[in-house]
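**Student:** Have a look at this one before I ask anything.
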Amino acid sequence: MTTEPRRYSSLQIEDLRMDGGTQPRVGLDDATIADYADTMAAGGRFPAVTAFYDGSAYWLADGFHRVRAAERAGLLSIDTDVVQGTREDAQWYSFSANKAHGMRRTNEDKQRAVRAALEHPKSAGLSDRRIAVHVGVDHVTVGNWRSKLSGEFHQMERTVERNGTTYE
């Protein structure tokens with residue numbers, strides 16, 4: 001994933017793709033959207049949303065509540081942090097979104113993000129701990145989900161880190 005260059009701009013909401021599997025939450029919270037929309041309608045400012053641009057589409061990776069609130073408030077554009085990257089890059093980024101800010105993730109949101117991360121190509125070969133740090137959950141949660149999904153996956157290669165040593 002290329003994280004540079006980043007570009008901040010005001011994008012048309014209709015240009016943001018929200019259908020690429022980049023929303024790791026189980027669902028959006030209507031009360032939060034309504035609260036954000038009221039604040040936006042009154043002139044309140046929010047941090048820019050994050051979208052990955054692949055040369056033809058802007059894949060929203062963080063800011064689904066803010067985008068829906070902006071639509072509800074009648075806004076046509078929204079401040080956007082644009083990162084060069086693919087839809088898959090946007091998906092991977094989204095798994096770590098909101099782990100330290102925004103509306104708290106539910107346990108179901110976290111589980112959905114862990115499962116999606118484990119099924120994502122970027123997790124191939126990553127340890128449970130590395131995935132856990134990325135998603136913002138405990139490594140035991142990742143290990144439990146890896147076990148649950150093991151029947152769905154064929155032989156998985158991964159590395160494990162213990163005491164500074166990496167094992168295959």
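The values are calculated or read from the model by the stated rules, or taken from the named source; none is laboratory data. Keep in mind that what you see is a predicted model, and the values were worked out from it rather than measured. All Cβ positions, glycine included, derive from the backbone under ideal geometry; neighbour counts span all protein chains shown. When the accessible area is computed, the model is the full protein with side chains, heavy atoms only, and any ligands, DNA or RNA have been set aside. Shrake-Rupley method; radii C 1.70, N 1.55, O 1.52, S 1.80 Å.
Rundown of residues vs (1) in contact (Cβ under 8 Å) with a residue 24 or more places away in the chain; (2) open to solvent by less than 30 Å² (accessible area, probe 1.4 Å), yes/no style:
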residue: 13; (1), (2): yes, yes
residue: 19; (1), (2): no, no
residue: 24; (1), (2): yes, yes
residue: 29; (1), (2): yes, no
residue: 69; (1), (2): yes, yes
residue: 80; (1), (2): yes, yes
residue: 89; (1), (2): yes, yes
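**Student:** Still on this structure: Is there a residue being open to solvent by 40 Å² or more (accessible area, probe 1.4 Å), at pLDDT 80 or above and β-branched (Val, Ile, Thr) anywhere in the range 96-108? Reasoning before the result, please.
**Tutor:** Here is the first cut: in the range 96-108, the ones open to solvent by 40 Å² or more (accessible area, probe 1.4 Å) are 99-104, 106-108.
Next cut, at pLDDT 80 or above only: 107-108.
Okay, now just the ones that are also β-branched (Val, Ile, Thr), so none.
Looking through the range 96-108, none of the residues is open to solvent by 40 Å² or more (accessible area, probe 1.4 Å), at pLDDT 80 or above and β-branched (Val, Ile, Thr).
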